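Student: Below is the structure I would like to discuss, written out as structure tokens.
The values are calculated or read from the model by the stated rules, or taken from the named source; none is laboratory data. All values reported here derive from a predicted model rather than from experimental measurement. Glycine gets a Cβ as well: all are built from the backbone with ideal geometry, and neighbour counts include every protein chain shown. The area values use the complete protein model at the heavy-atom level, side chains included, leaving out ligands, DNA and RNA. Shrake-Rupley method; radii C 1.70, N 1.55, O 1.52, S 1.80 Å.
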Amino acid sequence: MTFLTFSDLNIEQDIVDALAGKGIIEPFPIQEQTIPLALTGQDIIGQAKTGTGKTFGFGLPLIQRLGADPAHGVKALVVVPTRELAVQVTEDLELATSNRSTTIVSIYGGKAYEGQIEQLKAGAQIVVGTPGRLIDLQRQRLLDLSHVQEVVLDEADRMLDLGFLSDIERIFQAVPDVRHTMLFSATMPAPIVALARRFMSRPVHIRATDPDEGLMQANIKHLIYRAHSLDKDEVIARILQANGRGKTVIFTRTKRAAAKLVEELKDRGFNAAAVHGDLNQEQRERAMAAFKAGKRDVLIATDVAARGIDVDDVTHVINHTIPDDPDTYLHRAGRTGRAGKTGIAVTFVDWDDLHKWTLIDKALEFGIPEPVETYSSSPHLFEELDIPQGTKGRLPGSSSHAATAGAPERSSSRPPRQPRQSDGSGESGDSRPRRRTRTGGSDRPAAQAADSAPKVESTGPDSTDGDGAATKRRRRRRRRGAGTGGEATASSPQPASDGE
């Protein structure tokens, strides 16, 4: 079987060499279909999902059409919906232009204006940006779009979802009427079709197949578990110790859940990072760069922040909370099993979200109407994910491993009852032993700590251990405000006894 190369698609040698230096030799199907037409200046509508190789599909023709040494000033504009995707596209275009004088600038919010303005003034020829910041700079006359020859709209349907359609129309009004335009979208809702008809000239519609489409079920192992919310962290921690586990992406529904989970996993000893909207752009870029470079092997993300995750060696995807619809499920699961590699997608379905799973199951024809009830000690969890027997939810040497080592593990045959209990399944992420308000004699220090708070009343036989009179005297003294030691004891609980 003969494989095409980028040279076969008439891509110039300096670009071919730049790609080959990173091991990129053979084009993906969308690149094979898009590049020859785009090189001739044909307007294109590309229907393609993230991860199909569309960036080089539009990027290589765009770069080549500008020439090896383009004049200073913005000649090409690539509009993307999110900051992360802007960074990803910029990195890909910088790779392709590494043997040319062409310069690229990323324009997006959440980052200082000064650096972006300096690059524009220095004569950057290609701008990759999000609609809001692009319009902002254009209105300030800091971004001149009057000489743009190439326009690309990437993930147009996502821009529609985020409410950018009117911004896109403003951008088209700022660029010349005569230009080469390419639009890429995973789906083609009516407003996107109308946009294409209005601003494109007789476009050719290319429906690109995913390089792994048709192999989706074979390449990705889908595991669906009905899980208890208080046991999820423990289950995840054990999955992260599975044999062969490489880079892992964990999706959460909210920014708060992402921030909470990253701290919990760090406490358990895992090398985790997060990308979500509560982080500033510099923090998000650092987290993404660390994940791509392998310095962090667990990335926790919300759906919007995850749009820039384009990493080929992700082995596991975990849906901490079920996605809202089939398309989002496919987008999340598609972070693994890329470029012909295999992957595992694990989805937790809460009791309240079973109706969402029913819709996804029917749409994607999984044939799993009832997810199996799963806990951190379930034998099938260890078998299906190849987790070594005896694996616990903390890595040896983690910050609280010493506190829990040797402690009896509570059975997970039923959902955990105490959300504050730090046995690896709680939400608090606090690994310190908790105080008890009612204890037996073996827990004397914890009982004293509880007694130090005046509002706690302990009655009945458990409140004394042959030392009841002394305990009552101490309590009376504290109530009179005779000493401050009780306050110190209450704020700094003594370690619980062995076995706590």
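Student: Leaving out ligands and nucleic acids, note down the accessible area per residue over segment 283-390 with a 1.4 angstrom probe, in whole Å².
Tutor: For segment 283-390, the solvent-accessible area averages 41 Å² per residue.
Student: A further question on this structure: For His222, which sequence-distant residues (separation of 5 or more, or a different chain) have an amide H within less than 5 Å of its own amide H, given hydrogens modelled in the peptide plane?
Tutor: Distant-sequence amide H within range of His222: Ala345.
Student: Could you provide, to the nearest whole Å², the per residue accessible area of segment 168-280 with probe 1.4 Å?
Tutor: Dividing the accessible area of segment 168-280 by its residue count gives 42 Å².
Student: What is the sum of charges around Ala96, taking Lys and Arg as +1, Asp and Glu as -1, for the other residues whose C-beta is under 13 Å from the C-beta of Ala96?
Tutor: Once all neighbours under 13 Å are counted, the net charge is -3.
Student: Another one. Give the relative contact order (percent, whole number) for segment 214-344; include only Cα pairs under 8 Å separated by 6+ residues.
Tutor: The value is 33 percent.
Student: Further question: List, in order, the whole-Hz ³J(HN,Hα) value for each residue of segment 344-352 obtained from phi through the Karplus relation with A = 6.51, B = -1.76, C = 1.60 and θ = phi - 60°; use x for Gly and Pro.
Tutor: 10, 10, 10, 10, 9, 10, 6, 4, 6
Student: At a threshold of 8 angstrom on Cα-Cα distance, excluding pairs fewer than six apart, so keeping six or more, what relative contact order does segment 10-83 reach in percent?
Tutor: Relative contact order here is 32 percent.
Student: Report the extension gain between Ala122 and Ser101 in nm, rounded to one decimal, defined as 0.36 nm multiplied by the number of residues separating them, less their alpha carbon distance.
Tutor: Once the chain is fully extended between Ala122 and Ser101, it gains 6.3 nm.
Student: Now for a separate question. Ignoring any ligand, DNA or RNA, what whole percent of the accessible area of segment 1-156 comes from carbon and sulfur when the probe is 1.4 angstrom?
Tutor: That share works out to 50 percent.
Student: Past 20 Å, Cα to Cα, is the threshold; run Lys111/Lys260; Lys292/Lys341; Lys247/Lys292; Lys232/Lys356; Lys22/Lys292 against it and keep the listed order. Provide the component values of the computation, followed by the final result.
Tutor: On the way: Lys111/Lys260 25 Å; Lys292/Lys341 17 Å; Lys247/Lys292 9 Å; Lys232/Lys356 18 Å; Lys22/Lys292 14 Å.
Distance filter (> 20 Å) returns Lys111/Lys260.
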